[in-house]
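Throughout, read-outs are computed from the coordinates displayed, never taken from laboratory work. Source: prediction; values computed, not measured. Cβ sites come from the backbone with ideal geometry, for glycine too, and all protein chains shown count toward neighbours.
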Amino acid sequence: MTDETGEADDAADRPTMAPFLGALAVIVVVVIIVILLNVFGNDGRSEEQKVSLAAVGQNDALQRENFGEFSDFTCTAQRGTEADFIARQRDSVGKQGARYVDDVTAVQVEGDRATATVVYHFDNAPDTKVNTETAFVLEDGQWRVCSGMGDSRP
C-alpha cells in the first residue's frame, strides 16, 4: 500500500516475531515435559523385569570383560577388584566356554530384596542347563545381583 505521499507502507511488509516466538514457546513446553518425564516418570518396567535385566546385564558384562558395567549390575559386597574379575572370567571361559543366560524365572520381590532362578548354559555344553538360585538387592535405586551365578562373579 502507498500513502498520500506515495511511500510504501513499511508496517505491512515488515516480518513479525510472532511465528518465531510461538515456535520457541512450543519448543520450551516440549523440553519441560521431557525433563519432567525423565525425572518423575517410570520406564514402564515392573520390578520383576528390572531384576531380570540385572541378571542378564551382569552376564553380558562378564562375557565382555567389562568391569565397569559388571559393577553396575553387582552389589557392592561382591564386586571385588578388576584384576580378580578378569582373571576369574578368563579362567571360567577357558574351562567351560562363554556363559549364556537362557531365562530368569520365579522372580520374587520383597522390598529392597529379591530372588530369582537364573537359567544358563555354557558354550562347551549348550544342552546342559544350570538353574541357579540368585539373590538381588536394590542399591542406589538399581537392582543388582548379590549371590548365585557362581558367587555373582565368574
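If you check every pair at least six apart or on different chains, which have Cβ atoms under 6 Å apart with a residue in segment 65-93 that is free of Cβ contacts under 8 Å to residues at least 60 places away in the same chain first and a residue that is part of a loop (DSSP other than H, G, I, E, B) and not hydroxyl-bearing (Ser, Thr, Tyr) second?
71/79; 86/65
Condition first: among the acidic types (Asp, Glu) and over 28 Å from residue 91 (Cβ atoms). Now tell me which residues in segment 104-140 satisfy that.
Scanning segment 104-140 gives 110, 112, 140.
Mind checking which residues of segment 67-101 are assigned to a loop (DSSP other than H, G, I, E, B), surrounded by fewer than 16 Cβ atoms within 10 Å (Cβ to Cβ) and not small (Gly, Ala, Ser)?
Selection gives 81 alone.
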